[in-house]
Amino acid sequence: MPNDPIRKPSPKKIRAYKLAPWREQTRLLAIGLASVSGLMAMLALFIFTGAQAAEAGLRVQSLIRERDRQLRQLEAQEAELSQRQSEEWMRARAAALGFTPAGADDIDYLVVAEIPAAVTIPPSPTSLLYIADDIALSPAYRETLLEWVLRAILRKGGA
Amino acid sequence: MDRSLHRRVRFAQFGLLIPLVLILLQLSRFQILSTEDRRALDEAPYPLNQHIETPRGRIMDRNGHLLAGNSSKYRVYVDSCQYYLYMEKLGGLAEGADASLSDVIAAVARASGAEIDTRETVTMLQEVDQSLQAEYGQPLSTCTLMAGVRTDSEGQKLAIPLWLTEEQNFGLEVAQGIRPDESGKYHNSSDLLFNIRTEAWFFRNYPEGSLASEVVGYSRQEGAGQGRSEDGVIRYYREIGDWGVERFYNDILQGAREDVSWSVVPVEITSNLDRAQPPADLVLTIDREIQAETEAALREGLLAGEAARGSIIVLNPRTGEILAMADSPSVDLQNPDGFLSTFRVKGRLPMDPEGQVVSLNVAAPYEPGSTFKVLTMAAALDSGAVIPGTWFMDSGRIEIGGVVIHNWQRLGFGLQDMTGCLRHSINTCLAWVATQLGPGPFYEYMDRFRIGRLTGVDMSPEISGILRRPGDRSWTDSTLATNAYGQGVSATTLQMAVAISAVANGGVMMTPHVVRQIILPDGRVHTVTPMPLGQPISAATAATLQEMLSVSLELEGSKALVEGYRIAGKTGTADIPPYVTTKTVASFVGWGPVDDPQILVYIRIDEPTADQDRQYGSITAAPVFARLAPRIFALLGIPPDSVRLTLSTGG
């Protein structure tokens, strides 16, 4: 009947529909634990990535130190090699082996057509050994979480 | 509670427990389980103070032979030094006390093999600590070890720096357990070396010693660590070039030294690295072989003339490239202690009695004498004041501006044409030629030859000579006459060589330079393009004068003549101001082959003995050219004239 007043449910019905206290407590507990769990998961993520970054940083430091050490050795060895091939040493060695400087009479000259001009190949620059314009770091160290997710999705999609 | 609910709660517990355990595991892995990297982090102070540096750019000769490179040395620090200083104080009192500073230093000396005066070092560090505490209230936290102490002339104690070599540092690091020994075995670290830290520094290395030392120059470390702070980074520019290329190109050669607070965040590490200034490398125009021949010829010339000093320049008149530049005495770049005494010998010149002349070719002007006649004659021929066939009657004396000019040995040569004037190097003739030209045009031509001005060579320091002009207070009419034969005017060897190179190069002077290529940090190579410095005379005048000079040498039967090659040149014998002694500067400028000049050699020998006429350029300097030129022709692959003629005509 459209005009019938709404009747108050009976106490039995009310009790039947009312959530049991223990059920409510369980739900609240579950929500709370889920929140804590989510928070801890996020913390774990932070700790995990932080630890990874720190380890990578230390590794980078260690590799740079190693590279520095090796490049120092290269520089020193280059200098030492030059010292051992110095003009004075080479001249003395040539004299010891019986060579004498060539005079005009000792040289035969020939005309060679189309001979290319002597090209001096310059040595690689010192700085190239030391400065890396783009040290190959994973983009993960530079991008936001969203960028990381998108990259991961795109990578998977493209694979 | 029913069973299904109980199961759900258990499930939720496990579901929450698993991430918790994972988190704890991750924490444990990072905090408890040790790795080599993390151990390094634990042991190092945070943030890490890292010393990073790039080496100074290399300098090579035109064929890539290294003339200046780098090697490393190691500085030694004792961290927690205050503790060791304290134990040092107690050491004498308590039996079996902990390690003192003396023990630590002795352990470093043992491990590295370095010679360290332990007692003096400890005493000095104690004094430094006390003065620091008294002045700033701060104790010494890190000690920089020294090899010992010396006392200077004023009685002040000075520390002798301790720099370990690569081998010594290796020995120390092996003893510290940082690196394996040669058999690959790690040693247990000594407790005494626990707080020892070494730091590598680049040092300049000159593998060729004294070869081309005048050109290359020397780079030294500046001051005591005056740094410039930029965004929390202390930046050092300690390498300073003293002279030569090292000084002129210091800005692009110098590397960077920085002490940075080094984060463990990779991005910050790489941004720190980006700060290091990249150096450029230089390839010189100097040819090592020609340079060595030039130095050998100079030594022989000085010995033959019993002279104390001298210099030679070899340049290509076509390009202005300096192929060799030698002076004597030359410094040994591997032995800086000998620099000052060498400079004093170089600098014992009337115009620089105080010394410190680092380069005889570029920074020591002198009165050139008769080689200057080439310029006077060039000006007179070019202006039309005289022609080669102009006659001059030489009586052995001429009076100009109230001053009587004489020839060498006061000889008179009679009737001479202009070639004869050059051949006999007649002062009176050239003084007369200058008056025919007149002071205005004469000094205008000298300006065009850039006498009294810098050449702009890429070496430092370059010092110009002095050319007095009409209107200057000390200029008189007689100045023109003396200037005509190279007295009363000064120029460096390089300025003279460049000016005369116009005669060898169709009237055009090229800008002299010693750097051929600059290798930029990104690998690009910038090749220096030869640039004209000016054209003081016409090509026709240059050709005429060159022929006159060649003929005059041949008629004279000069000691400079080279078999198989036609050359042109002029001797010079200059009196030394204030003209009170009989000492001279003997010189010779020559170039060849005359039909295609590819080298010009300027030789200067200071104060040769007068015994057996060796004070004259024709006796002392000319033979040096005759010895050197054929060697250079051979090294450059320039065939004798007859061979070239045959080859060019296809015979």
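Readers should treat all values here as calculations from the given coordinates under stated rules, not as data from a laboratory. Keep in mind that this is a model prediction, so the values were computed, not measured. We place every Cβ from the backbone using ideal geometry, glycine too, and count neighbours over all the protein chains shown.
Where the centre of each part is set by its Cα atoms, how far does the range B:484-502 sit from the range B:526-593, in angstrom?
Using only Cα atoms, the two centres lie 10 Å from each other.
Quickly estimate the mean residue ellipticity at 222 nm for chain B, helices only: each DSSP H run with n ≥ 4 gives -39500 (n - 2.57), and the total goes over all residues, rounded to 500.
Details: 22 runs with 242 residues, N = 651.
One gets -11500 deg cm²/dmol as the mean residue ellipticity at 222 nm.
Per residue of B:279-292, count partner chain C-beta atoms within 10 Å of its C-beta, then hand back the mean as an integer.
Working: counts 5, 3, 7, 0, 3, 0, 0, 0, 0, 3, 4, 0, 1, 5.
Average per residue, whole number: 2.
Could you derive backbone 3J(HN,Hα) for the range B:358-367 from the dihedral phi with the Karplus parameters 6.51, -1.76 and 1.60 (θ = phi - 60°), listing whole Hz in sequence and x where the residue is Gly or Pro?
Once rounded to whole Hz, the list reads 8, 9, 6, 7, 10, 10, 9, x, 8, 7.
Charges only on Cβ, +1 for Lys and Arg, -1 for Asp and Glu: so what's the dipole of the protein assembly as shown about the Cα centre, in debye to the nearest 20? Display every interim value, and only then the final one.
Numbers: 76 positive and 95 negative charges, 956 e Å.
That gives the protein assembly as shown a dipole magnitude of about 4580 debye.
Using the count of nearby Cβ atoms within 10 Å as a rough guide to exposure, how do B:K570, B:K157, B:K559 rank from fewest to most? Write out the running numbers ahead of the final one.
Values: B:K570 30, B:K157 12, B:K559 19.
Exposure proxy ranking, most exposed first: B:K157, B:K559, B:K570.
Write down the Å³ per residue value for the convex hull defined by the alpha carbon atoms of the range A:14-79. The partial results should precede the final answer.
Numbers: hull volume 3.2 nm³, N = 66.
Residue-normalised Cα hull volume stands at 49 Å³.
Using only Cα positions of the range B:500-634, each an equal point scatterer, no hydration layer, compute I(q)/I(0) via Debye at q = 0.15 Å⁻¹ and quote the log10 values to two decimals.
Results for the range B:500-634 at q = 0.15 Å⁻¹ read -0.82.
Taking R0 as 41 Å, what's the FRET efficiency between A:I31 and A:A152 from their Cβ-Cβ distance, rounded to 0.05? Write out the running numbers ahead of the final one.
Values: r = 30 Å, r/R0 = 0.72.
For A:I31 and A:A152, the calculated efficiency is 0.90.
Rounded to the nearest 0.05, what FRET efficiency do B:E547 and B:S474 give with R0 = 60 Å and r taken as the Cβ-Cβ distance? Could you check? If you can, show how the numbers build up before the last one.
Numbers: r = 37 Å, r/R0 = 0.62.
Here the calculated transfer efficiency is 0.95.
Once label points are set 7 Å from the Cα along Cα→Cβ at both A:F48 and B:D152, what is their separation, rounded to one decimal in nm?
6.3 nm
Magnitude of the Cβ-charge dipole of the range B:547-651, K/R +1 and D/E -1, about the Cα centre, nearest 20 debye? Each step should come with its number before you reach the end.
Values: 9 positive and 12 negative charges, 49 e Å.
Computed about the Cα centre, the dipole is about 240 debye.
Report, to one decimal in Å, the Kirkwood hydrodynamic radius for the protein assembly as shown based on all distinct Cα pairs.
Numbers: mean 1/r = 0.0305 Å⁻¹.
For the protein assembly as shown, inverting the mean 1/r across all distinct Cα pairs yields 32.8 Å.
Using a Förster distance of 60 Å, how high is the FRET efficiency between B:Q334 and B:V265, based on the Cβ-Cβ distance and rounded to 0.05?
On the way: r = 43 Å, r/R0 = 0.72.
Here the calculated transfer efficiency is 0.90.
Please report, in cubic angstrom per residue, the volume enclosed by the convex hull of the alpha-carbon atoms of chain B. Don't skip to the end; give the middle numbers.
Details: hull volume 184.6 nm³, N = 651.
Normalising the Cα hull of chain B by residue number yields 284 Å³.
How large is the Kirkwood hydrodynamic radius of the range B:130-175, in angstrom, based on all distinct alpha carbon pairs?
Values: mean 1/r = 0.0753 Å⁻¹.
For the range B:130-175, the Kirkwood estimate is 13.3 Å.
May I ask you to list the residues of the range A:7-38 whose amide nitrogen lies under 15 Å from a point 7 Å from Cα along the Cα→beta-carbon direction of B:L20?
The answer is A:29-38, whose backbone nitrogens lie closer than 15 Å to the label point.
Quick check: pseudo-label points 7 Å beyond the Cα along Cα→Cβ at A:A16 and B:L647, how many nm apart are they?
12.1 nm
Counting other C-beta atoms within 10 Å, which of B:D382, B:D596 has the fewest, and how do the rest follow? Kindly include the intermediate steps, with their values, before the conclusion.
Details: B:D382 21, B:D596 11.
Ascending Cβ contact count within 10 Å gives the list B:D596, B:D382.
Which residue, chosen from B:T285, B:W163, B:A491, occupies the Cα position most advanced towards the positive end of the dipole of chain B, where the dipole is computed from +1 (Lys, Arg) and -1 (Asp, Glu) charges on Cβ about the Cα centre?
Most positive-ward Cα: B:T285.
Run the numbers for B:D611 and B:E554: contour at 0.36 nm per residue of separation, minus the present Cα-Cα distance, in nm.
Working: separation 57, 0.36 × 57 = 20.52 nm, distance 2.57 nm.
Gain on stretching B:D611 to B:E554: 18.0 nm.
So for B:L192, B:L125, fewest C-beta neighbours within 10 Å to most, what's the order?
Details: B:L192 20, B:L125 23.
Ordered by Cβ neighbours within 10 Å, fewest first: B:L192, B:L125.
Apply the membrane-span-like helix rule to chain B: whole DSSP H runs, Cα extent along the own long axis of at least 30 Å, mean Kyte-Doolittle hydropathy at least 0.0. List the helices found. Mind dumping the intermediate values first?
Working: long enough: B:3-31 (41 Å, 0.63).
Counting only whole DSSP H runs, the qualifying helices are B:3-31.
Could you pull out every residue, at least 5 positions away or on a different chain, whose amide H is within less than 5 Å of the one on B:L67? Hs are placed 1.01 Å off N in the peptide plane, and Pro or chain starts have none.
B:I59, B:M60, B:D61
Relative contact order for the range B:276-393: what is it in percent, counting Cα pairs under 8 Å that are at least 6 residues apart? Provide the component values of the computation, followed by the final result.
Details: 121 pairs, mean separation 19.2, N = 118.
Relative contact order, the range B:276-393: 16 percent.
With θ taken as phi - 60° and the coefficients 6.51, -1.76 and 1.60, list the Karplus ³J(HN,Hα) couplings across the range B:579-595 in order, rounded to whole Hz; mark glycine and proline as x.
Values, residue by residue: 6, 9, 10, 8, 5, 9, 10, 8, 9, 8, 10, x, 8, x, x, 4, 6 Hz.
If you place +1 on the Cβ of every Lys and Arg, -1 on the Cβ of every Asp and Glu, and leave all else neutral, what size is the dipole of the range A:49-98 about its Cα centre, to the nearest 20 Debye?
Numbers: 8 positive and 8 negative charges, 18 e Å.
About 80 debye.
Residue separation times 0.36 nm, minus the C-alpha to C-alpha distance between B:T581 and B:E135: what's the value?
Values: separation 446, 0.36 × 446 = 160.56 nm, distance 5.93 nm.
Value of the extension gain: 154.6 nm.
Which distance in nm do the two modelled labels at A:I6 and B:I178 give, with both placed 7 Å along the Cα-to-Cβ direction?
For A:I6 paired with B:I178, the spin-label model returns 8.3 nm.
Rank B:I451, B:I398, B:V386 by how far each Cα sits towards the positive end of the charge dipole of the range B:346-458 (+1 on Lys, Arg Cβ; -1 on Asp, Glu Cβ) and give me just the farthest.
With unit charges placed on the Cβ atoms, the residue in question is B:I398.
So which lysines pass the test for B:K89, namely a Cα distance under 23 Å, with those fewer than 8 places away in the same chain ruled out?
B:K157
Too long at a 24 Å Cα-Cα cut-off: which of B:K73/B:K346; B:K373/B:K559; B:K346/B:K373? Working shown, then result.
Values: B:K73/B:K346 32 Å; B:K373/B:K559 19 Å; B:K346/B:K373 26 Å.
In this structure, B:K73/B:K346; B:K346/B:K373 lie more than 24 Å apart at Cα.
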